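The values are calculated or read from the model by the stated rules, or taken from the named source; none is laboratory data. Quantities reported herein were computed from a predicted structural model and do not represent experimental measurements. Neighbour counts run over all protein chains shown; Cβ positions are idealised from the backbone, glycine included. For accessibility, only protein heavy atoms count, side chains too; no ligands or nucleic acids. Shrake-Rupley method; radii C 1.70, N 1.55, O 1.52, S 1.80 Å.
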Amino acid sequence: MPKFTKIPENTFNNLQLDAGVVLKSFDPEAATEPADEDIITATKGGVNITCVPAYSDMGDDVDNAPPNMLELKKLDGWDCKISFVALDASVETISLSLGAADVVGDKVVPRRTIKTSDFRDVWWVGDTASGGMVAVKLMNALSTGGFSFQSAKNAKGELSVELTGHVSLENQDVMPMEFYSAAASA
């Protein structure tokens with residue numbers, strides 16, 4: 001057997017399978033199957049989750065300082081997002097995709113101002129091959145992708161949703177995304 005043509009023995013236990021589900025709430029400690037009312041929407045094409053750091057190089061304008069000197073690197077923040085294509089055009093999903101909007105009966109009306117109630121936590125949870133779960137919590141999520149709906153002949157309507165997590169003024173050291181990975185409970 002070749003010396004370096006190997007994979008870790010637990011690789012297949014940690015594989016994340018299928019598209020997962022986008023939820024209003026989730027308890028990673030209990031990791032129970034979500035109730036129907038906790039599922040935000042059915043999705044198409046999977047869910048895209050990103051959390052990208054933004055750095056400044058404090059030495060970029062200093063004579064003779066090489067780029068990316070570790071002592072001069074500064075972390076400015078994180079750009080954390082969850083995006084997906086929703087397959088329902090419910091009032092709740094349309095409101096989520098708009099961000100700043102009011103729901104009046106069966107009508108969703110975009111608003112000129114943002115309210116703190118427009119921000120909400122959103123979860124994505126997926127299965128692993130071992131029967132465990134992987135979960136991501138996007139905190140203080142607000143739509144930054146706007147409303148984008150596509151219909152087509154003989155097809156399902158698709159509503160693109162892009163949610164960005166936000167840091168709160170009340171707790172500025174808490175970044176807007178958390179990650180969980182747990183094996184199946186015995």
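Structure data summary
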{"item": "Within the stretch 105-141, tally of residues that are under 28 Å from Glu33 (Cβ atoms) and either open to solvent by less than 70 Å² (accessible area, probe 1.4 Å) or among the aliphatic types (A, V, I, L, M) (or both)", "result": "21"}
{"item": "Which numbered condition Ser130 misses (of (1) in contact with a helix residue (DSSP H, G or I) (Cβ under 7 Å, 6 or more places away or on another chain); (2) assigned to a strand (DSSP E or B))", "result": "(2)"}
{"item": "Tabulated pairs, the stretch 67-84, first on the phi < 0 side of the Ramachandran plot, second charged (D, E, K, R) and open to solvent by less than 70 Å² (accessible area, probe 1.4 Å), C-beta under 6 angstrom, 6+ apart or interchain", "result": "Ser83/Glu162"}
{"item": "Criterion: closer than 22 Å to Asp38 by Cβ, out of contact with any Pro (no Cβ under 8 Å at 6 or more places or on another chain), among the polar types (S, T, N, Q) and surrounded by fewer than 12 Cβ atoms within 10 Å (Cβ to Cβ) - qualifying residue of Ser185, Ser181", "result": "Ser185"}
{"item": "Test: Thr41 is modelled with pLDDT under 95 and either surrounded by 13 or more Cβ atoms within 10 Å (Cβ to Cβ) or more than 21 Å from the chain's Cα centre (by Cα) (or both)", "result": "no"}
{"item": "Out of Ile82, Ile39, Ile49, sole residue that is touching a Cys at 6+ places or on another chain (Cβ under 9 Å) and of a type in the set (Val, Ile, Thr)", "result": "Ile49"}
{"item": "Candidate set: the stretch 9-34, residues that are among the hydroxyl-bearing types (Ser, Thr, Tyr) and open to solvent by 50 Å² or more (accessible area, probe 1.4 Å); chosen: the one modelled with the lowest pLDDT", "result": "Thr32"}
